[in-house]
1. When the accessible area of the stretch 1-120 is split by element with a 1.4 Å probe, what percent falls to carbon and sulfur?
2. For the stretch 148-224, run through the chymotrypsin sites (Phe, Trp or Tyr not before Pro) and keep only the ones in DSSP coil with at most 12 other Cβ atoms within 10 Å of their Cβ.
3. Quick one: grab the alpha carbon gyration tensor of the stretch 159-199, order the square roots of its eigenvalues as a ≥ b ≥ c, and give me rounded if a/c is under 1.5, else prolate or oblate depending on whether a/b is larger than b/c.
4. Please compute the modelled spin-label separation between T86 and F142, points set 7 Å along Cα→Cβ, answer in nm with one decimal.
5. Over 18 Å between Cα atoms, which of K427/K454; K20/K256; K24/K238; K20/K276; K427/K460; K182/K239 qualify?
Amino acid sequence: MSTFLAGFDGLWARPVDDYKEAVKSYLIVLDTNVLLELYRFTPQARQELLDVLAQLDNRLWVPHQVVREYHNRRFEAVREHLNLYTSIPDSLRTLRNKALQEVQNLAKRCSMNDADKKLLTAPINEAFDKVTSEIQRHSDAFDLSLAKVVRNDPILSSLAQILDGRTGDPFPEEDGEALIEKFQERAAEQIPPGFRDAGKSENSHGDFFVWEQLLREAAQRQTPVLLVTNDVKDDWVKKEAGFVVGARPELLAEFKHRCSNDLLMTQLPHFLGMAKEVLGAAVSQSTMQQAKNVRDSGVGREVTVTLPARHFGQIFNYIAARYENRYALADESLSAEEEREAEQIVRILSSMKGRKRNSQGEVVIAIPSECLERFRLYISMQSAVGNTDSEASEREERSNEYRLLMKELVDLRELLELARRERDMAKAMVIESERAARNVDSTIPDVERERLAKEAEESKRRLVDTASSVHDLEMQVRAISEKLDSPGSV
């Protein structure tokens, strides 16, 4: 290694040949997210990944914490994937209804006849029908169900065979509490990995336990390690301009200190590509693309944050003021990625779609995972400049909350009106589908009968869903109205 590079591990990207050598000779350690991807892959891609893992033989190893997390989350993983096949058609159905409603409004305003109106509605229905049918095709091709995973999980059976004798032991019982305390100390000082999860109510120490078990195994075996993980949080990897450079320098230094060896980290799609090249593994382009798509879909997942209404009002007004005056966005120290995060947070806080109130009146916000750190930064910045002890500040808080409630009330009423339109349209669809089902004569094929019956049942379910949405929105409107009308509550 060049003396110009030595001592600066983690600050420059390792060459591809180093990763290829790691795939050929290093101990391969899998993170939990890699095992759970098996529940999101198509049958062919899943089998190809399992074949690659089996090919690694004794160079494959998983920490005990990974095994624990896998068992705790495998049902959630398949449930999450199966929900896509119902939630996305539901969303498309809502969009279809909105589009048809807009066309209906236009037709009325322009006094269109039925023929002209059909020229506008037919392409909409055709497009949505085609997409929905294609989604159903993919759903039919997916071979897992929750019942199957509960009763006889084929992935569990395959992993039990491949990873037999290749899993780590749990920590000794006497080490458990001491290690959790050690994690808390490290998290307070932001020592990686795992400090980004320190606020979790469950398994906040999970990443640290994976790391500690990996360190102990590597030290015992005296072997270099290639960690395969799709986790790209900045308490695992170093990023520049949105690109992953590699493992964090602190992790490399700790691994070298305790194991006197080399550590590399890579993501699943890159690992599969190198396994195909250097091990001759049978990995199709489709499988590598699926691995990339599943990895990328992790970006954008949301984290639910709950804040007291008054606290939310303070943060909302603080961020809005920064945005309006362009303090944050004009700051030259912000990268383009950070600017996008800031803008996204402002949009979420300003939209009723990004937040709602729970039964205690607290504000529940859905923050994309990639924006969570910037949101936390805004909270800490607001707390630093805030002065909640003074009477003037309390009056300002009440005023801010009143304005926030008024805006929420206006937004909710708009959403309620839209939901009522969707409910009325759903009622009309139920009437029409039931009429069509009643008028079926004996000459109609069974397939068509089944389709009409299915449409009738689907329209009834849609009516129940839209009626439920109307009810929920009406309750939210009533709760906010009562809060505004209550003397001294705001």
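The values are calculated or read from the model by the stated rules, or taken from the named source; none is laboratory data. Since the structure is predicted, the reported quantities are computational estimates derived from the model, not experimental observations. We place every Cβ from the backbone using ideal geometry, glycine too, and count neighbours over all the protein chains shown. These area figures cover heavy atoms from the full protein model, side chains too; ligands, DNA and RNA do not enter into them. Shrake-Rupley method; radii C 1.70, N 1.55, O 1.52, S 1.80 Å.
1. Working: 3460 of 6400 Å².
Answer for the stretch 1-120: carbon and sulfur cover 54 percent of the accessible area.
2. Values: sites: F183, F195, F208, F209, W211; in loops: none.
Passing sites in the stretch 148-224 do not exist.
3. Numbers: a/c = 4.06, a/b = 1.88, b/c = 2.17.
Judged from the Cα gyration tensor, the stretch 159-199 comes out oblate (a/c at least 1.5, b/c at or above a/b).
4. In this crude spin-label approximation the distance works out to 1.1 nm.
5. On the way: K427/K454 16 Å; K20/K256 20 Å; K24/K238 25 Å; K20/K276 10 Å; K427/K460 8 Å; K182/K239 26 Å.
In this structure, K20/K256; K24/K238; K182/K239 lie more than 18 Å apart at Cα.
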